[in-house]
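**Q** Got a structure for you, questions after.
Throughout, read-outs are computed from the coordinates displayed, never taken from laboratory work. Remember, predicted model here, so these are calculated numbers, not experimental data. Glycine gets a Cβ as well: all are built from the backbone with ideal geometry, and neighbour counts include every protein chain shown.
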Amino acid sequence: MIRIEDLTHVYAGGRRQPARTAVSDLTLHIPDGRFTILSGPNGSGKSTLFRILCGLARPSRGRVFIGGHDILRDSAAARALTGVVFQSPAVDKHLSVHENLAIHAALHGLRGAAFRSRLDEAMAWTDLSGRLGDRVETLSGGLSRQVELAKCLLTRPRLLLLDEPTTGLDPASRRGFLNALRSLRQDLGMTVLMTSHIFSEAEDVDSVAIMANGRLLAHDSPQALRERLNGDVLVIDSPEPDTLAAKLKDDLGVTAMRHGDDLRIDEAPDNDAVALLERVLTDYRALVRGITVKRPALEDVFVHVTAEARAEVALAASDQQENAA
Amino acid sequence: MTYAGNASARPSTGAMASDDEGATDVAPRASLMAVAVALARREFTRFIRQPHRVMGSIGQPLIFWVLLGAGLTPSFSAPGMEGMSYLEYFYPGVLMMMILFASVFASITIIEDRDQGFLQGVLVAPVSRLGIVMGKVGGASLVALFQAGILLIAAPFIGLAPGIGGWILLALTLVVVSLGFTGLGFLFAWGMKSTAGFHAMMMVIMMPMWVLSGAFFPIAGVPGWLYWIMILNPVTHGMTILRAPFYDDPLTLLGTGDYLLALAIVVASVALCLALAAHRVGRREAGITVPGS
């Protein structure tokens, strides 16, 4: 459904800042009918990629196809296949739910009986049926998100793009939104690409793509991604993480990554994190405030995969500071 | 980038076209007109739902007119306009001011809508870029016409009584001029991040265009440098064609060289503004070109 080939996007620099590469040589292929989560730390290029996919930005180099249509040459056809839910609301809050839906339908050439039947469908799965005449500004956050989703689905898109759609929702509304999304996706046979930071949302999707520094670091099923971390993860909360990391490296030959005040060891010797835990407690009790062995969750894979990229950024930042000083 | 949006004749292909590797079928699309009408209707609905905006946009020019008109009438004596009160002279100028303000308001909503709001969804829809511009601009014209219509009720009381043809010509003129102003506002507003920046733009560019259009004081008798600025200002010619129907009937006007010249200048300027606005909307934020790897 989506085919991205060697995509590069460089933002023009200003007088005081150099040009910035937001996406570099990214190739990604998402087959029809998949539910994919696109994740990455802030500034990883997700949003830029998202803007390019919606046709709001024109990339520096590379090609993007949606449903076989080149989004640069045949953008109208690509747009017609795509529904987009933005992070910030794209409905007019001064208008009623019905008016918003009607405008969206009109923009897509959907009128009369066709519009009414789609509207009835939308009312079947949303909780909006009693509130069609109400202005969107009077709805709760969860309901107004439903308006956004209903609006997009009126046109039966083959591809649904969502940019952190659950930001700002409470856990119950978030779950409601995702459940609706999941069942609609199955009913309508849509391909879904959703950017998200929330890994609990990603555990039962078809695939997860992780970006950092404009590059695609991983794209796999959640299961396969979890298997990348063979064995368990050891997390140590230490008052002096750097000292402890150095000792672990010198004495035990174990590489620990610092992540805030925590040290993370993704690959314990012989894949035995429990044995390592015992060893750490015996030898460095004074340097340990808390210690945990856990099964790797997607979030751990994310931290593992992006750690290197994060280090690069930190290095670049400290270089810049030195240059400035 | 832009494309003709009138492919609505295409038959509906059911909702789900199957696809594997080939290009997926595309559903019917809205015509340019349908897009413009849907968006324009939204503008007008929003306007009517905000009573403060309705009150303010009618009240302010009215207050300007009554106060300035009353205050300046004793000292107003322009050459060739003996016997005309300032209240009467200023009246078409106030109509122009209403149009200007309606356009400014409409343009400000563009800034609010574009990156964080309603327009995001419009921009990713398969609609022609000109349709987006026409929707906004058309909506603003409707609003302007509505406001001006209320002020036009006052015309007979100051002795201005055009015939039916004159009223129609006036309405058409108001629409054309308002398309131009909103097109111009659109051009400025599109790239802006904040409404504060637009206010500055309005005070520095749009307000002076109005002041120096003959709306406020006649062009006759101004210093030479000002004369040239006013002649080069398209709004001056807008003022000419807005003032004329109050005094001459449409058929006479359409045979007058000066009127036709002013009309031509106005239509050309409006078309230019709209074309530039559509072009501006069609331009996507682009990454800089980098050599292939």
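**Q** Along the Cα→Cβ direction, 7 angstrom out, place labels at residue A:124 and residue A:237. What is the inter-label distance in nm?
**A** 5.0
**Q** Also, quick follow-up: Can you sort B:199, A:94, A:108, A:69 so the residue with the fewest Cβ neighbours within 10 Å comes first?
**A** Numbers: B:199 12, A:94 17, A:108 25, A:69 21.
By the 10 Å Cβ count, ascending, the order reads B:199, A:94, A:69, A:108.
**Q** Grab the Cα-Cα distance for residue A:249 and residue A:215, subtract it from 0.36 nm times how many residues apart they are, and report the gain in nm with one decimal. Before the final figure, lay out the partial values.
**A** Details: separation 34, 0.36 × 34 = 12.24 nm, distance 2.92 nm.
Gain in length upon complete extension: 9.3 nm.
**Q** What is the diffusion coefficient of the range B:49-137 in µm²/s, taking the Kirkwood radius over Cα pairs and the Stokes-Einstein relation at 10 °C with a viscosity of 1.306 mPa s?
**A** On the way: Rh = 15.9 Å.
Once the numbers are plugged in, D ends up at 100 µm²/s.
**Q** Compute a Gaussian network model of chain A, connecting alpha carbons closer than 10 Å, and tell me which residue from A:203, A:227, A:278 fluctuates the most.
**A** Checking each option, the largest mean-square fluctuation is seen for A:278.
**Q** Another one. Cross-link partners among aspartates and glutamates for residue B:193, C-alpha distance below 12 Å, same-chain residues fewer than 8 apart left out?
**A** B:112, B:113, B:115
**Q** Can I ask one more? Express the relative contact order of chain A as a whole percentage, based on alpha carbon pairs under 8 Å and six or more residues apart in sequence. List each step's numbers first, then the result.
**A** Working: 553 pairs, mean separation 59.7, N = 325.
Across chain A, relative contact order equals 18 percent.
**Q** May I pose another question? What distance in nm separates the two pseudo spin-label positions at residue A:314 and residue A:289, each 7 Å out from Cα along the beta-carbon direction?
**A** Computed distance between label sites residue A:314 and residue A:289 equals 1.7 nm.
**Q** Find how much the distance from residue B:289 to residue B:77 grows on full extension, using 0.36 nm per residue of separation minus their present alpha carbon separation; answer in nm with one decimal.
**A** On the way: separation 212, 0.36 × 212 = 76.32 nm, distance 6.13 nm.
Roughly 70.2 nm would be gained on extension.
**Q** From Cα pairs below 8 angstrom and at least 6 apart in sequence, can you work out the relative contact order of the range A:1-76, rounded to a whole percent? Write out the running numbers ahead of the final one.
**A** On the way: 124 pairs, mean separation 29.2, N = 76.
Result for the range A:1-76 is 38 percent.
**Q** Distance from the Cα centre of the range B:109-139 to that of the range A:130-201, in angstrom?
**A** Using only Cα atoms, the two centres lie 22 Å from each other.
**Q** If r is the Cβ-Cβ distance from residue B:55 to residue B:267 and R0 is 45 Å, what FRET efficiency results, to the nearest 0.05?
**A** Numbers: r = 33 Å, r/R0 = 0.73.
So, using R0 = 45 Å, E works out to roughly 0.85.
**Q** From the residues B:62, B:206, A:222, which one has its Cα farthest along the dipole of the protein assembly as shown in the positive direction, the dipole being from +1 and -1 charges on Cβ of Lys/Arg and Asp/Glu about the Cα centre?
**A** Positive-end residue among those listed: B:62.
**Q** OK, next. Can you give the angle from 0 to 90° between the axis of helix B:32-49 and the longest principal axis of chain B, with both taken from C-alpha atoms, to the nearest 10?
**A** With both axes taken from Cα atoms, the answer is about 60 degrees.
**Q** Principal axis extents for the range A:163-290, Cα atoms only, whole Å, descending order, please.
**A** Result for the range A:163-290: principal-axis Cα extents of 58, 29, 29 Å.
**Q** At what distance in nm do the modelled label points of residue B:204 and residue A:93 sit from each other, each positioned 7 Å from its Cα along Cα→Cβ?
**A** Label-label distance for residue B:204 and residue A:93, simple model: 3.1 nm.
**Q** Right, something else. Taking every residue in B:36-49, how many Cβ atoms of other protein chains lie within 10 Å of its Cβ, on average? Mind showing how you got there, number by number?
**A** Details: counts 0, 1, 8, 3, 0, 4, 8, 0, 0, 6, 4, 1, 0, 4.
The shielding value for this peptide is 3.
**Q** Take every Cα-Cα pair in the range B:23-289 and report what % of them are more than 33 Å apart.
**A** On the way: 8198 of 35511 pairs.
Tail of P(r) above 33 Å: 23 percent of Cα pairs.
**Q** Give me Rg over Rh for chain A, both radii from the alpha carbons and Rh done the Kirkwood way, two decimal places.
**A** Values: Rg = 23.2 Å, Rh = 22.2 Å.
That ratio is 1.05, to two decimals.
**Q** Helix B:129-152 against the longest principal axis of chain B: what's the angle in degrees, Cα atoms only, rounded to the nearest 10?
**A** 30
**Q** By a straight-distance test (C-alpha under 27 Å), which lysines pair with residue A:294 as possible cross-link partners, with residues fewer than eight away in the same chain excluded?
**A** Cross-link targets: A:247, A:249.
**Q** Spelling out what I want: for every residue of the range A:263-272, take phi, set θ = phi - 60°, compute 6.51 cos²θ - 1.76 cosθ + 1.60 (Karplus), and round to whole Hz; glycine and proline get x.
**A** Values, residue by residue: 10, 10, 10, 7, 10, 6, x, 6, 6, 10 Hz.
**Q** Now, a different point. Summarise the partner chain shielding of A:69-78 as one whole number: the mean count of Cβ atoms from other chains within 10 Å of each residue's Cβ.
**A** 4
**Q** Which whole number gives the average count of other chain Cβ atoms within 10 Å of the Cβ atoms across peptide A:3-9?
**A** Taking the mean over all residues of the peptide, I get 2.
**Q** Relative to the longest principal axis of chain B, what angle (0 to 90°, nearest 10) does the C-alpha long axis of helix B:257-282 take?
**A** 30
**Q** What is the distance in Å between the Cα centroid of the range B:246-267 and that of the range A:211-284?
**A** For the range B:246-267 versus the range A:211-284, the Cα centre distance is 82 Å.
**Q** What number, rounded to the nearest 500 deg cm²/dmol, is the helix-based mean residue ellipticity at 222 nm of chain B, given -39500 (n - 2.57) per DSSP H run of at least four residues and division by all its residues?
**A** Numbers: 12 runs with 186 residues, N = 293.
Mean residue ellipticity at 222 nm (helix-derived): -21000 deg cm²/dmol.
**Q** Moving to a separate point now. Distance from the Cα centre of the range A:41-98 to that of the range B:158-236, in angstrom?
**A** Result: 37 Å between the Cα centres.
**Q** Follow-up. Identify which of B:81, B:97, B:201 has the largest mean-square fluctuation in a Gaussian network model of chain B, with springs joining Cα atoms closer than 10 Å.
**A** Greatest mean-square fluctuation among the candidates belongs to B:81.
**Q** Ok, one more. Compute the relative contact order of the range A:160-202 as a whole-number percentage, counting only Cα pairs closer than 8 Å that sit 6 or more residues apart in sequence.
**A** Working: 26 pairs, mean separation 27.5, N = 43.
The value is 64 percent.
**Q** Would you order B:194, B:141, A:207 from fewest to most other beta-carbon atoms within 10 Å of each residue's own beta-carbon?
**A** On the way: B:194 10, B:141 27, A:207 20.
Least crowded to most crowded, the residues run B:194, A:207, B:141.
**Q** Among A:171, A:241, A:89, which one shows the highest mean-square fluctuation when chain A is modelled as a Gaussian network with alpha-carbon springs under 10 Å?
**A** Comparing A:171, A:241, A:89 in a Gaussian network model of chain A, the most mobile one is A:171.
**Q** What's the long-distance tail for the protein assembly as shown, i.e. % of Cα pairs beyond 31 Å? Please list the in-between numbers first.
**A** Values: 115605 of 190653 pairs.
Counting pairs separated by more than 31 Å, the tail of P(r) holds 61 percent.
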